[in-house]
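Written below as structure tokens is the structure these notes are about.
The values are calculated or read from the model by the stated rules, or taken from the named source; none is laboratory data. All figures in this text were calculated on a predicted structure; none of them were measured in a lab. Cβ: placed from backbone, ideal geometry, glycine included. Neighbour counts: every protein chain shown. To get the accessible areas, we keep the full protein, side chains included, count just its heavy atoms, and leave off ligands, DNA and RNA. Shrake-Rupley method; radii C 1.70, N 1.55, O 1.52, S 1.80 Å.
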Amino acid sequence: MCYPMFLSPAGKDYLWGGVRLKYEFGKQINLEPLAESWECSAHPDGPSIVVNGEHKGKTLIKVIAEHPEYLGSKTNPKDGFPILIKFIDAAKDLSVQVHPDDDYARIYEHDRGKTEMWYVLDAEPGAELVYGFEHPVNEEILRIAVNNGDLAKHLHRVKVHKGDTFYIRAGTVHAIGAGLLIAEIQESSNLTYRVYDYDRVGPNGKKRELHFDKAVKVLNMEPVRDIRQRSRIVHHFPGCSREVICRCQYFEVEKVNCLECYEFTVRPESYQVVLCIEGNGSLGDMEFKKGQCILLPAGLGRQKIVGRNVILKVRS
Ligand code: ZN
């Protein structure tokens, strides 16, 4: 019998993280800092664990291996769970980085590539991120800039506000800036090539490894053209409003503002994931609150959310 599975995340203590996921999103993870929580993950580097029902205590990797039908007909069960959903708390700047696409990742890393999207949960005044290059660059220009510590002059910076969305195609240079709290939906991959890390040292007194040679093989060297976010259309229904905030070949993300109730159907084509980002409510007879993540297996059928909350709903 399939049922809505509440997930408990894996945590990451990367050096740039903060404490907001603990105090504002209720993450009971004993890490300091707490940079990321992998809310819905079947990635071996940090799988989530089911906390209720028949599969209680199992990793999502195990559950999907036992029940590939939970994925739905759109996903090839041989490929496993296709996406990864995280919260990210950037107290400090993240490294300037790039991710490979599927073709490169398959050949050289035996993994998926990583295209990702961000929904900005909160942004301190003036918070920025890096998105693409300011002007055309090449390997030589980048190598000199990294060695001189002045890569910033080639990077395109964007002011960020709460509620913004960004789509980061594999190959795009990017960096999340200090003061941003983000929900990330991505392909299930942990391939990151660090281009520049501000010459920071970790707790062990060493700089983190850079992956310049790999990065230049996958970087899109063209300047960023137009990153203006398209205006989004909100559809109003009795009791809730909904807007699709990202649709690509890997995932669809819908933001639902539930004022009273919201009904939807989980069809046989795909699982769905509910990530609560504000407020609280109930799904069937189960209560949820801000910060929690629920996986709904494909074909689960009609569902009803009641309460006052904002959720991101993700599917393949
Ligand atoms: Zn990234």
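Working carefully through the options SER282, SER270, find the one that is of a type in the set (Ser, Thr, Tyr), surrounded by 19 or more Cβ atoms within 10 Å (Cβ to Cβ), under 22 Å from PRO4 (Cβ atoms) and outside the structural domain of SER73 (by TED's automatic domain parsing). Before you say what the answer is, go through the steps one by one.
Details: SER282 fails: surrounded by 19 or more Cβ atoms within 10 Å (Cβ to Cβ).
Testing whether each residue is of a type in the set (Ser, Thr, Tyr), surrounded by 19 or more Cβ atoms within 10 Å (Cβ to Cβ), under 22 Å from PRO4 (Cβ atoms) and outside the structural domain of SER73 (by TED's automatic domain parsing) leaves just SER270.
Yes/no per residue for (1) in a strand (DSSP E or B); (2) modelled with pLDDT of 95 or more; (3) within 16 Å of the ligand (Cβ to nearest atom); (4) farther than 30 Å from LYS74 by Cα:
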| residue | (1), (2), (3), (4) |
| --- | --- |
| THR172 | no, yes, yes, no |
| ILE185 | yes, yes, yes, no |
| ASP226 | no, no, no, yes |
| SER241 | yes, yes, no, no |
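Select from segment 231-241 the residues that are open to solvent by 30 Å² or more (accessible area, probe 1.4 Å) and more than 20 Å from the chain's Cα centre (by Cα) and list them in ascending order.
Step one: list which residues in segment 231-241 are open to solvent by 30 Å² or more (accessible area, probe 1.4 Å), which gives 231-238.
Listed by number, the residues that qualify are SER231, ILE233, VAL234, HIS235, HIS236, PHE237, PRO238.
Scanning segment 98-131 for residues that are under 16 Å from PHE166 (Cα atoms) and surrounded by fewer than 19 Cβ atoms within 10 Å (Cβ to Cβ), which turns out farthest from the ligand (Cβ to nearest atom)?
Taking segment 98-131 as the starting set, the residues that turn out to be under 16 Å from PHE166 (Cα atoms) are 98-99, 114-123, 127-131.
Filter once more, so that each one left must be surrounded by fewer than 19 Cβ atoms within 10 Å (Cβ to Cβ): 122, 128.
On the way: ASP122: 19, GLU128: 15 Å.
Among residues in segment 98-131 that are under 16 Å from PHE166 (Cα atoms) and surrounded by fewer than 19 Cβ atoms within 10 Å (Cβ to Cβ), the one farthest from the ligand (Cβ to nearest atom) is ASP122.
Looking at LEU34 and the list (1) under 21 Å from the mean Cα position of the chain (by Cα); (2) in contact (Cβ under 8 Å) with a residue 40 or more places away in the chain; (3) open to solvent by 40 Å² or more (accessible area, probe 1.4 Å), which single condition is not satisfied?
Tallying (1) under 21 Å from the mean Cα position of the chain (by Cα); (2) in contact (Cβ under 8 Å) with a residue 40 or more places away in the chain; (3) open to solvent by 40 Å² or more (accessible area, probe 1.4 Å), LEU34 fails exactly one: (3).
Taking ARG194 as meeting all but one of (1) within 16 Å of the ligand (Cβ to nearest atom); (2) open to solvent by less than 40 Å² (accessible area, probe 1.4 Å); (3) touching a Leu at 6+ places or on another chain (Cβ under 8 Å), write down the number of the exception.
Looking at each condition in turn, ARG194 falls short on (2).
Can you tell me which residues in segment 41-97 are of a type in the set (Gly, Ala, Ser) and either part of a loop (DSSP other than H, G, I, E, B) or crowded, with 17+ Cβ neighbours inside 10 Å (or both)? Lay out the reasoning, then the answer.
Taking segment 41-97 and keeping what is of a type in the set (Gly, Ala, Ser), we get 41-42, 46, 48, 53, 57, 65, 72-73, 80, 90-91, 95.
The answer is SER41, ALA42, GLY46, SER48, GLY57, GLY72, SER73, GLY80, ALA90, ALA91, SER95.
Limited to segment 152-170, what total is found for residues that are more than 16 Å from the ligand (Cβ to nearest atom), farther than 15 Å from TYR119 by Cβ and open to solvent by less than 60 Å² (accessible area, probe 1.4 Å)?
1
I'd like to check something: does segment 133-146 contain any residue that is within 16 Å of the ligand (Cβ to nearest atom) and either buried (at least 17 other Cβ atoms within 10 Å of the Cβ) or closer than 13 Å to LEU219 by Cα (or both)?
To start, the set of residues in segment 133-146 that are within 16 Å of the ligand (Cβ to nearest atom) comprises 133.
Then keep just the ones that are either buried (at least 17 other Cβ atoms within 10 Å of the Cβ) or closer than 13 Å to LEU219 by Cα (or both); that gives 133.
Within segment 133-146, one or more residues are within 16 Å of the ligand (Cβ to nearest atom) and either buried (at least 17 other Cβ atoms within 10 Å of the Cβ) or closer than 13 Å to LEU219 by Cα (or both).
Would you check if GLY279 is outside any loop (DSSP other than H, G, I, E, B) and on the phi > 0 side of the Ramachandran plot? Spell out how you get there, then give the answer.
Details: outside any loop (DSSP other than H, G, I, E, B): yes; on the phi > 0 side of the Ramachandran plot: yes.
Answer is yes for this residue.
Checking the structure you have, find out if any residue of segment 6-17 is within 24 Å of ASP285 (Cα to Cα) and without any contact (Cβ under 8 Å) to a residue 60 or more places away in the chain. Break it down stepwise before answering.
Of segment 6-17, the ones within 24 Å of ASP285 (Cα to Cα) are 6-9.
So of that shortlist, the ones also without any contact (Cβ under 8 Å) to a residue 60 or more places away in the chain come out as 8.
Yes, the conditions are met somewhere in segment 6-17.
Taking segment 11-40 as the region of interest, how many residues are of a type outside the set (Asp, Glu) and outside any loop (DSSP other than H, G, I, E, B)? Lay out the reasoning, then the answer.
Of all residues in segment 11-40, those of a type outside the set (Asp, Glu) come to 11-12, 14-23, 25-31, 33-35, 37-38, 40.
If we keep only those that are outside any loop (DSSP other than H, G, I, E, B) as well, we get 11-12, 17-18, 20-23, 34, 37-38, 40.
Total meeting the criteria: 12.
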